[in-house]
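First up is the structure itself, then whatever we jot down about it.
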Amino acid sequence: MGIGFDEKNRLFFIETAHSSMCLAIVDDEGFLCNVYYGNPVGEDDLTYLLRTKIYPFLPSHNSRDRGGFLDMARMEFPSSGVGDYRNPAVCLRDAEGHDASQFTYVSHRIYTGKEKLYGTACDGKEIRIPATFGENAQTLEIELEEKVLGVSAFLSYSIFEDSDAILKSVKLVNKSDRTVIIDRLLSSSLDLDGGTFGNKAPDIITLSGSWARERRLDRRSLERGNTEVYSTRGVTSHQFYPFSALAEKNTDEEHGRVYAQTLIWSGNFLCGSGMDQFETTRSYIGINPEHFTWDLKPGESFQSPEAVLVYTEEGLGGMTHVFHDLFRDHLIRSPYLHKERPVLINNWEATYFDFDTEKLLNIARDAKESGIEMLVMDDGWFGKRNDDNSSLGDWIVNEEKLPGGLTRLSDELEKIGIKFGIWFEPEMVSPDSDLYRAHPDWAVAAPGRVPCKMRNQYILDITRTEVRDHVYESVAKVLRNAKISYVKWDMNRALTDLGSCGLSAESLGRLSYLYVLGVYDLQDRLITEFPDLLLENCSSGGGRYDGGMLFYSPQVWCSDDTDAFERLSIQAGTAMICPLSTMGAHVSASPNHVTGRVMPFDVRGAVALSGTFGYELDITKIPEEERKAIPEQVSIYHRYNEIIREGDYYRIAKNAEEGGYYDAWMSVMKDKSRALVTYIQCRAYPGGKGRVIRLRGLDPDAVYEIGLVGSDDENSFYCSRAKKASWESLAPGNLNGSSLMNAGLIMPNLPGDYAQLTFEINRI
Ligand code: DGJ
């Protein structure tokens, strides 16, 4: 394991515990090519795989035909305009408009550790870009040079001792005395030989969706041409997640070679794979070139975000484990990462805008009685915001709704014994607001155009220092003056009409990138000034749920769709990459406000328990039997949250693949001593004799006791007597891990649609 350089053969080896990547400096010119990425292979010279000795040969051996080589070679940093017609990682333009470039090797360094990444804001301030961090890292930095333009590219590859991920980023430095335009700079490009997938087209797996339908799994065969997901919305988006994976055919949760990529970034992105005429696949990920140009002036540098590459032969489950561990061990900084988060109740679906102090306190009193630990006051507490048409930007409490302001409310909540959380949407301004009336030029807008409104609001131009400072101060002032433990940071529209009076015409193409830096700067300041604050990000549900935001907040509101059935796919898709400990999930009222679906309370609870857990309902109005069930649900959360938060997560069955009948997943503590298994019967299965689910991740040689959660309580709401009886008719005695993983457990056929069984598996 580690990073090495074979000087004789000019090969770089990047080796994690279960993967190797080999790069070669090729030909006298010094092209950087990817020789191999996959299972560990030692440090053999594998350059025969590059086929450089067959026609069209290397450029130095075939001066007649350079293009043949460039269009076939597995380039590590492909550029445009010189003979490689596939998707480039970099496109540069000189002042006269020429857009050819070719990067070749200059030097490299291998060092212990990993440097932080910084981007440069309008005012020259260096703003940290989210990236993985940790003591046990090693980095290879390769300098490539574009000789004609005088631009260097520093390609960085880092690994951590305890991870199978490879972290890649690129920094361009203009060493010339003329401005060079960057039209495209991706963070990673990976060329794999068609033989990698047994000479069969691999599948490409992505996550796509919409508002209230985020991150569902898409899987199809990779054909010739490019298959891409992307965002041009200024945020990562509900529509696509910055992730794709190439998987050999028949890859399932446990088996199969998978090459996955994601981006630690919260704005526009492009991510995809293409297959060329020789069956070589090129996977690429980075900032979307659309809405992006960067005028790189002499002496300036530009930093790309960090891409994460994961290779595993252990299927999609193996891939997920690498992502989850990397995010938990090397990306999420919050002090709450390894802590149980307070069980919260949010008033959004309870009251929407129609609330006042008394209503909130009534909810808080009932919540406290049920064991809930925090009240979150959502949208509508400021300005004159009684609907979503006004007041964003005016972060001054509405004393008509909340007499005595936040001080009184937070004092009262303290007396009740419950924490207080609050909602903001700091990046926005309503046209009907004092802020907009005072500073109409603070909104992102293109001259001569009325900017497109979404939810009747505009975006504040936080690329400008004075706007960002104002935004920060208006949020911080509220937090300084009341006892607030939690902030939900929302963002409810996409970027349009890109224009800013803070940027000159030639630098306007920087805006989308600088906007994201602005968000990062604001959140960084927030968690620095308020280190104990629990921050939850949100963007109309899960529109900005990504590795970038997890650098600031340990949790993100997963979706505005709180329907437990819909959440099965949304949460499973999200958990392809993001740990369950980051997933904002609440129990809401039935019928569900988004879908109108009716669901039992225990099923709603079982699904929310696999996230950060809380309630999104009016506890003073729900049926009495549901209210009575909350203390039991809360105690189940306390009892098992550690397994969900810290354990390894396994998808056992996905209802979309099981005819919509059932779904199951489990989490297992790293030491394999405890596991929690959730089985959801989505639809009744007439005439069924019970389904077998095979568990995973246990110690095959250890003996485990299987307990149905709630069955030890006579009056359990979570586990009715009838359910207990159905389980007992099929329950085995203690079993060893091997039996549980190979023979499995039979889930009884339960009456009706939507029923849950949750099992505690303990090593004895
Ligand atoms: C969108 C969020 O996703 C909701 O949870 C809620 O906070 C609303 N915004 C409030 O406007």
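From most to least packed by mean Cβ count within 10 Å, the peptides 708-721, 483-496 give 483-496, 708-721.
Using the 1.4 Å probe convention, the accessible area of the range 2-330 works out to 37 Å² per residue with neighbouring protein chains retained. Applying the Kirkwood pairwise sum to the alpha-carbon positions of the range 1-95 produces a hydrodynamic radius of 14.4 angstrom. Sorted largest first, the spans of the alpha carbon positions of the range 48-115 along the three principal axes are 42, 38, 20 Å.
Per residue, the range 469-542 exposes an accessible area of 30 Å² to a 1.4 Å probe, with every protein chain left in place. Residues whose amide H falls under 5 Å from that of Gly542, counting only those 5 or more places apart or on a different chain, are Ala212, Ser559, Asp560, with hydrogens built in the peptide plane.
DSSP beta bridges fully contained in the range 2-330 are about 95 percent antiparallel. Size descriptors for the range 362-461, from the alpha-carbon set: Rg then Dmax equal 16.7, 57 Å. Just so you know, the Cα atoms of the range 427-472 work out to an Rg and Dmax of 10.0, 29 Å.
Taking the convex hull of the alpha carbon positions in the range 416-500 and averaging its projected area over all directions gives 6.4 nm². Stokes-Einstein diffusion of the range 2-330 at 4 °C, 1.567 mPa s viscosity, Kirkwood radius from Cα pairs, rounded to a whole number: 65 µm²/s. Looking at the chain, the pairs of alpha carbons with a distance over 51 Å make up 16% of the total. Packing, as the average of other Cβ atoms within 10 Å across residues, places the peptides 415-421, 220-226 in the order 415-421, 220-226, highest first.
Mean Kyte-Doolittle of at least -1.0 and a Cα length of 24 Å or more along the axis: which whole DSSP H helices of the chain meet both? Don't skip to the end; give the middle numbers.
Numbers: long enough: 511-529 (27 Å, 0.40); 624-646 (34 Å, -1.29).
Helices meeting the span and hydropathy rule in the chain are 511-529.
Filter the cross-link list Lys419/Lys488; Lys384/Lys621; Lys116/Lys175 down to pairs whose alpha-carbon distance in this structure exceeds 24 Å.
Lys384/Lys621
The fraction of Cα-Cα pairs per 10 angstrom bin, counted from 0 for the range 164-291, comes to 12, 39, 33, 12, 3, 0 percent, rounded to whole percents.
Once backbone amide H atoms are built at 1.01 Å from N, Ala89 has Ser79 as its partners under 5 Å, excluding neighbours fewer than 5 places away on the same chain.
3J(HN,Hα) along the range 37-44, derived from phi through the Karplus expression 6.51 cos²θ - 1.76 cosθ + 1.60 where θ = phi - 60°, amounts to 8, x, 4, x, 10, x, 10, 5 Hz, with x in place of Gly and Pro.
Global size of the range 659-764: 13.4, 39 Å for Rg and Dmax (C-alpha atoms, Rg to one decimal, Dmax whole).
The share of accessible area on the chain that comes from carbon and sulfur is 49 percent, using a 1.4 angstrom probe.
The values are calculated or read from the model by the stated rules, or taken from the named source; none is laboratory data. Just so it is clear, the model here is predicted, and its values are computed rather than measured. Cβ: placed from backbone, ideal geometry, glycine included. Neighbour counts: every protein chain shown. Calculation scope for accessible area: heavy atoms of the full protein, side chains included, ligands and nucleic acids excluded. Shrake-Rupley method; radii C 1.70, N 1.55, O 1.52, S 1.80 Å.
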